[in-house]
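Enquirer: Before we start, here is the structure in question, set down as structure tokens.
Where a number appears in this text, it was derived from the coordinates with a stated rule and is not lab data. Computed from a predicted structure; not experimentally measured. We place every Cβ from the backbone using ideal geometry, glycine too, and count neighbours over all the protein chains shown.
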Amino acid sequence: MALTSKDLKLVTNPLNMENPITVQVLGICSALAITVQMKSAVVMALSVTVVLIFSNLITSLLRNTIPNRIRIIVQLTIVAALVIIVDQILKAYVYDVSKQLSVFVGLIITNCILMGRLEAFAMGNKPLPSVLDAIGNGAGYGVILIIVAFLRELLGSGKIWGYQVVPDAFYEMGYVNNGLMILPPMALITVGTIIWVQRSRYKQLIEQNG
Amino acid sequence: MKALRNLFDNLKPHVEKDGKFHYLHSTFDAFHTLFFVPNRVTKVGAHIRDYIDSKRSMALVVLAMMPALFFGIWNVGYHHYLATGVEATFMMMFLHGLIKVVPIIAASYTAGLAVEFTMAQIRGHEVNEGFLVSGMLVPLIVPVDVPLWMVFVATAFALLFGKEVFGGTGMNILNPALTARAFLFFAYPAQMSGDFIWISGLSAGEGIVDGFSGATCLAQAAAEGFTGTLHNGLGQAYTFWDMFLGVIPGSIGETSTLMIMIGAVVLLVTGIGNWKIMLSFVLGGLAMGLLLNGLAGYSDNAYMTLPAHYHLVLGGFAFGAVFMVTDPVSAAQTDKGKWIYGFLAGFFSIMIRVLNPAYPEGVMLSILLMNVFAPLIDHYVIQGHIKRRLARATASAK
Amino acid sequence: MDTNSNSYIYIFSSVMVIIVAAALSLAATGLKERQDKNVEIEKKQNLLSCVLIESTVEDAEAKFDQHIVEKYTIDHQGKVVDAVDPFTIDMKAELAKSIEERHMPVFIAKLDDGSTKTIIPVRGTGLWGPIWGYVSLNDDNKTIYGAVFDHKSETPGLGAEISSYDQFQKQFEGKTIELGSYDPAKEAKQQAPVLAVTKGMGEGNPNAVDGISGGTITSKGVQYMLTDCLGFFSPYFNQTH
């Protein structure tokens, strides 16, 4: 069961040209909320990817048995159940991170990427491509989250992954961490800047007026 | 002048379409039009061109700010020597202020020009002259002890994200200078608020007179309310006249209502500033001030007892009224819209000032907020016009 | 098979609900013990840090058992209430009650040098949201031995500094609290502070600490919190003397 190039595309496309955050503009809310630190961003990215993989897999396996009339409710139930399980596991094993993520793990349920991929992909594709699609989209989401969190933690707290990287000598010379980077608006501006850079490199992503 | 003319004429062929340095043409244009009236002629349709292009009207605004700037420079020195308890002459005060303020102006212009020229080169358009004004506004609305690199970062940020992402001068939704201040305010709160930053040398804390307090009048009013005793750092009471003249601590150019009014006259006489916005802003502030005075008895917020007319001369209200809220790009464009826009901006200024415990000053936030709403106000004013005229047209058609 | 018939939909959803419910309850019950433990350890670490004992997640339990020798639940008259476990008291719920019905926890710590400290949890409101912490007193019930504070959403760089040991908490050590004029009938804002938190007043004044410049509202919040929560214990302190 070798991966065809078409299968590979399912993983690589969402990293850049079909990125869920910067191109599809899905899942913005959580990207704003949990990117103050790298650690919480990575845990969030992993949680979303795990939930996405399993929900895509389950939905894809069930796709022929799910009654069309209640398919959204079924998808929602699958996602919600997985999210609650992930939340419980985080609370049990990485308590301090789960405290920072607080309600946002629960809110993965409302993350548009999940419902979007279930409805748009898993309902109509076989399990293997669905899992690949989930990995790709989860990674695409994660990459942006980590870039944003890297910039916000570095500029906002002078740290990376909780370790101070801005030398003390800088602070003595009068350097001050940028408090705005910790506030949510700056996450939006950072995501906007990434979109700006991406679209000036790949002109075909720019929407045409009208 | 002749030599300059020759220099430009010699350089010109090199930056024309096929020249070797064509990519520098926007830089060339920027300097050329700074010194000479552009000789470009409109080729299509009927247009009127006169000498007042945007570069010249910007220069007039900068001129209007000069009284406030010079007063601010003196005021910085005055308060410094008041805090250190040194007897100083007028020249000493002015010189001290000059040493403090000029680097801030330089930092602001360096950041601004760097962003403007880079963006103009990348995008291949002319260098926007809008920064002439913003670059001077930024130093006037920051506290004197703000570190220079913060001014640099904030100005660059404001121009990039407040202006260039929207398409440059004339396209910005927010006032760039206020965006810079808001950036500073939220990014570096410890350097932009509190009682130590308004007077030069106070945050370093060396040689300060015992018991000297650097609290601004607004901070005092917020903490203790108006009991007739807003006072300077040594505890001597201010009169209303002191506050009107501006011998009070505050951001560099915002303290003197008198000097700002001179600027306002320049702007109004030359027709650059809009009197409707200025007037409605002041009226809005007064209205909210009076309203709060009336309600002061029902609340334990002591700030509410500060008389409405004091609000007009304290903090950044006067400066905001003349130089900020009137910014022609970010303000409302329709006549009726200007009244609504100005009034609400003034109204919210005092509301944020008094009712929000976190911010003793509300002018910046209020004007930025109204900047965002200005297009909406215009939209409804125009829709209203269309509806009324439509009704009239259908009525007369019957 | 017709997946859109009503009976199929009923059967499908019933089966799904049963499976999901089973999976969730399994996860919840299986992990509950670990989760509760995490919450408990965090609280223990906070209590220990208030008497200036550093602990890690691993050794918090052992150190807690070693140092925290007694814990009581106290009512408004200073009497010990046996029915309630002091460790599980929800401060937020208690502070919402009237003073007569309020129960507050107190912990007694014994340090390595043999001295005993009284630890009192405090909770109040800052500028943007709740603030809380623990204050420990020497056995004279007057002198503060240590204090830790935390907050939910105070302004970074200003109010948020209350959670910094060097910038804020350190100066509480050695200060004295003044409970003489505390009147439980009045709100914290209207009475003399148990310990004033005001800018520029801390130095040399045993009954005040410096507030945070630019964080006046949060500083006042700390003062009201201390007045409310420490004041509640004044009958208790009177009895123990």
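Enquirer: Among A:GLY192, A:GLY136, A:GLY27, whose mean-square fluctuation peaks in a Gaussian network model of chain A (Cα, cutoff 10 Å)?
Expert: Largest GNM mean-square fluctuation: A:GLY192.
Enquirer: Further question on the same structure: Mind checking which of A:GLY158, A:ASN56, A:PHE104 is farthest towards the positive end of region A:25-209's charge dipole, using Cβ charges of +1 (Lys, Arg) and -1 (Asp, Glu) about the Cα centre?
Expert: Looking along the dipole axis, the top candidate is A:ASN56.
Enquirer: Would you mind listing how long region C:87-129 runs along its three principal axes, going by Cα atoms, in whole Å with the largest first?
Expert: Principal extents (largest minus smallest coordinate, Cα): 38, 27, 16 Å.
Enquirer: Hey, rough spin-label estimate for B:ASP210 and C:ASP139, points 7 angstrom out along Cα→Cβ, what's it come to in nanometres?
Expert: Simple spin-label model gives 4.1 nm for this pair.
Enquirer: Grab the Cα-Cα distance for B:THR27 and B:ALA397, subtract it from 0.36 nm times how many residues apart they are, and report the gain in nm with one decimal.
Expert: 127.5 nm
Enquirer: Given 0.36 nm per residue, what is the gain on full extension from B:SER299 to B:GLN333 after removing their alpha carbon distance, in nm?
Expert: Length gained, B:SER299 through B:GLN333: 8.4 nm.
Enquirer: Once a ≥ b ≥ c are taken as the square roots of the eigenvalues of the Cα gyration tensor of region C:45-240, is the result rounded (a/c under 1.5), prolate (a/b larger than b/c) or oblate (a/b not larger than b/c)? Mind dumping the intermediate values first?
Expert: On the way: a/c = 1.42, a/b = 1.15, b/c = 1.24.
It is rounded, given that a/c, with a ≥ b ≥ c, falls under 1.5.
Enquirer: Follow-up. Enumerate by residue number the chymotrypsin sites (Phe, Trp or Tyr not before Pro) in region A:119-210 meeting two conditions: DSSP loop (anything except H, G, I, E, B), and at most 14 other Cβ atoms within 10 Å of the site's Cβ.
Expert: On the way: sites: A:PHE121, A:TYR141, A:PHE150, A:TRP161, A:TYR163, A:PHE170, A:TYR171, A:TYR175, A:TRP196, A:TYR202; in loops: A:PHE121, A:TRP161, A:TYR175, A:TYR202.
Loop-located and lightly packed - A:TRP161, A:TYR202.
Enquirer: Report, ordered by chain and residue number, the aspartates and glutamates lying within cross-link reach of B:LYS336, taken as a straight Cα distance under 15 Å and ignoring same-chain residues fewer than 8 apart.
Expert: B:ASP378
Enquirer: In addition: Which of B:MET65, B:MET261 comes first, and how do the rest follow, when ranked by fewest Cβ neighbours within 10 Å?
Expert: In order of increasing Cβ crowding within 10 Å: B:MET261, B:MET65.
Enquirer: Okay, next question. Nearest 500 deg cm²/dmol is fine: what mean residue ellipticity at 222 nm does chain B get from its DSSP H runs of n ≥ 4 alone, each adding -39,500 (n - 2.57), divided by its residue count?
Expert: Rounded to the nearest 500, the figure is -20000 deg cm²/dmol.
Enquirer: Quick one: order B:HIS385, C:HIS151 by neighbouring beta-carbon count within 10 Å, fewest to most.
Expert: Listing B:HIS385, C:HIS151 from fewest to most nearby Cβ atoms yields B:HIS385, C:HIS151.
Enquirer: Rounded to two decimal places and with Rh computed the Kirkwood way over Cα pairs, what is Rg over Rh for region A:25-209? Can you show the working numbers first?
Expert: Details: Rg = 18.6 Å, Rh = 17.8 Å.
My calculation puts Rg/Rh at 1.05.
Enquirer: Continuing with the same structure: Compute the long axis of helix C:216-231 from its Cα atoms, compare it with the longest principal axis of the Cα atoms of chain C, and write down the angle in degrees, 0 to 90, nearest 10.
Expert: So the helix axis and the longest Cα principal axis differ by about 90 degrees.
Enquirer: Of B:GLY170, B:LEU95, B:HIS311, whose Cα points farthest to the positive end of the dipole of chain B (charges on the beta-carbon: +1 Lys, Arg; -1 Asp, Glu; origin at the Cα centre)?
Expert: Value computed over the given set: B:GLY170.
Enquirer: Moving on. Shape call for region B:141-213 from the C-alpha gyration tensor, a ≥ b ≥ c root eigenvalues: rounded (a/c under 1.5), prolate (a/b greater than b/c) or oblate?
Expert: Prolate shape, in that a/c is at least 1.5 and a/b is the bigger ratio.
Enquirer: Using a 10 Å cut-off on Cβ to Cβ distances, tally the other chain neighbours for every residue of A:182-190 and report the average as a whole number.
Expert: 2
Enquirer: Is chain B best put as rounded, prolate or oblate by its Cα gyration tensor, with a ≥ b ≥ c the root eigenvalues, rounded for a/c under 1.5, and otherwise prolate when a/b is larger than b/c, oblate when not?
Expert: In terms of gyration-tensor shape, oblate.
Enquirer: Once Lys and Arg get +1 and Asp and Glu get -1 on their Cβ, which of C:ALA83, C:MET201, C:GLY124 lies farthest toward the positive end of the dipole of region C:45-240?
Expert: Result: C:MET201.
Enquirer: Take every Cα pair under 8 Å in region C:167-215 that's 6+ residues apart, average their separations, divide by the length, and report that relative contact order as a whole percent.
Expert: So the answer I get is 35 percent.
Enquirer: Hey, another quick one. When DSSP beta bridges are limited to those with both residues in the protein assembly as shown, what percentage is antiparallel, rounded to the nearest 5?
Expert: Of all bridge pairs located within the protein assembly as shown, approximately 95 percent are antiparallel.
Enquirer: Taking a temperature of 4 °C and a viscosity of 1.567 mPa s, what whole-number D in µm²/s does Stokes-Einstein yield for the protein assembly as shown with Rh from Kirkwood over alpha carbon pairs? If you can, show how the numbers build up before the last one.
Expert: Working: Rh = 31.4 Å.
Estimated via Stokes-Einstein, D reaches 41 µm²/s.
Enquirer: Here's another thing I want to ask about it. From the Cα trace of region B:274-398, what convex hull volume per residue do you get, rounded to a whole Å³?
Expert: 114 Å³
Enquirer: Kindly provide the helix-only [θ] at 222 nm of chain C, computed as the sum of -39,500 (n - 2.57) over DSSP H runs of four or more divided by all residues, to the nearest 500 deg cm²/dmol?
Expert: Helix contribution divided over all residues of chain C: -11500 deg cm²/dmol.
Enquirer: To continue, here is another question. To the nearest 20 Debye, how big is the dipole of region A:45-141 about its Cα centre, given +1 on the beta carbon of each Lys and Arg and -1 on that of each Asp and Glu?
Expert: 240 debye
Enquirer: Right, another one. Residues in region C:65-81, backbone N under 19 Å from the label point at C:ALA185 (7 Å along the Cα-to-beta-carbon vector): list them, ranges by number please.
Expert: C:76-78
Enquirer: Only Cα pairs under 8 Å and at least 6 apart count here; give the relative contact order of chain B as a rounded whole percent.
Expert: 15 percent
Enquirer: Next question, about the same structure. Can you return the aspartates and glutamates within cross-link range of C:LYS186? Criterion is Cα-Cα under 20 Å, with same-chain partners fewer than 8 residues away left out.
Expert: Straight-distance partners of C:LYS186: B:ASP300, C:ASP75, C:GLU94, C:GLU100, C:GLU101, C:GLU178, C:ASP228.
Enquirer: On to the next question. Which distance in nm do the two modelled labels at B:TYR359 and B:ALA59 give, with both placed 7 Å along the Cα-to-Cβ direction?
Expert: Each label point is offset 7 Å from its Cα along the Cβ direction, giving 3.6 nm.
Enquirer: Same structure, new question: Which value, in debye to the nearest 20, gives the size of the charge dipole of region B:242-398 about its Cα centre, when Lys and Arg are +1 and Asp and Glu are -1 at the Cβ? Let's see the in-between values first.
Expert: Numbers: 9 positive and 7 negative charges, 213 e Å.
Once rounded to the nearest 20, the dipole reads 1020 debye.
Enquirer: Could you compute the net charge surrounding A:VAL51? Neighbours are other residues with a C-beta less than 12 Å from the C-beta of A:VAL51; K and R count +1, D and E count -1.
Expert: Here the count lands on 0.
Enquirer: Using only the alpha-carbon atoms, how far is helix A:184-201 inclined from the longest principal axis of chain A? Give it as 0 to 90 degrees, nearest 10.
Expert: 70 degrees
Enquirer: Taking every residue in C:211-218, how many Cβ atoms of other protein chains lie within 10 Å of its Cβ, on average?
Expert: Taking the mean over all residues of the peptide, I get 5.
Enquirer: Sticking with this structure for a sec: Within 10 Å of each Cβ in A:83-96, how many Cβ atoms from other chains are there, averaged over the peptide?
Expert: The mean count of partner-chain Cβ atoms within 10 Å per residue comes to 5.
Enquirer: Only Cα pairs under 8 Å and at least 6 apart count here; give the relative contact order of region A:25-209 as a rounded whole percent.
Expert: Normalised by residue count, the contact order of region A:25-209 is 34 percent.
Enquirer: Select from C:ASP85, C:ASP113, C:ASP183 the residue whose mean-square fluctuation is largest in a Gaussian network model of chain C (Cα-Cα springs shorter than 10 Å).
Expert: The residue with the greatest mean-square fluctuation here is C:ASP113.
Enquirer: What is the Cα centroid distance between region B:337-398 and region A:95-154, reported in whole angstrom?
Expert: Here the two parts' Cα centres lie 41 Å apart.
Enquirer: Here's a follow-up. How would you rank C:GLU161, B:GLU116, A:GLU207, going from fewest to most other Cβ atoms within 10 Å of each one's own Cβ?
Expert: A:GLU207, C:GLU161, B:GLU116
Enquirer: Under a cut-off of 23 Å between alpha-carbon atoms, report the lysines in cross-link reach of A:LYS99, not counting same-chain residues fewer than 8 places apart.
Expert: A:LYS39, A:LYS91, A:LYS159, C:LYS32, C:LYS37, C:LYS43, C:LYS44, C:LYS92, C:LYS152
Enquirer: Would you work out the charge dipole size for the protein assembly as shown about its Cα centre, treating the Cβ of every Lys and Arg as +1 and the Cβ of every Asp and Glu as -1, and quote it to the nearest 20 debye?
Expert: Magnitude of the dipole: close to 3920 debye.
Enquirer: Would you mind computing Rg(Cα) / (2.2 N^0.38 Å) for region B:220-268, counting N as its residues?
Expert: Working: Rg = 12.7 Å, N = 49, 2.2 N^0.38 = 9.7 Å.
Region B:220-268 yields a ratio of 1.32.
Enquirer: Quick one: if you stick a label point 7 Å off each Cα along the C-beta vector at A:LYS6 and B:LEU95, how many nm between them?
Expert: Label at A:LYS6, label at B:LEU95, 8.3 nm between them.
Enquirer: What is the Cα centroid distance between region C:191-241 and region A:175-207, reported in whole angstrom?
Expert: Centre-to-centre (Cα) distance: 43 Å.
Enquirer: Next question, about the same structure. Compute a Gaussian network model of chain B, connecting alpha carbons closer than 10 Å, and tell me which residue from B:GLY135, B:GLY246, B:GLY271 fluctuates the most.
Expert: For chain B, modelled as a Gaussian network with Cα springs under 10 Å, the answer is B:GLY271.
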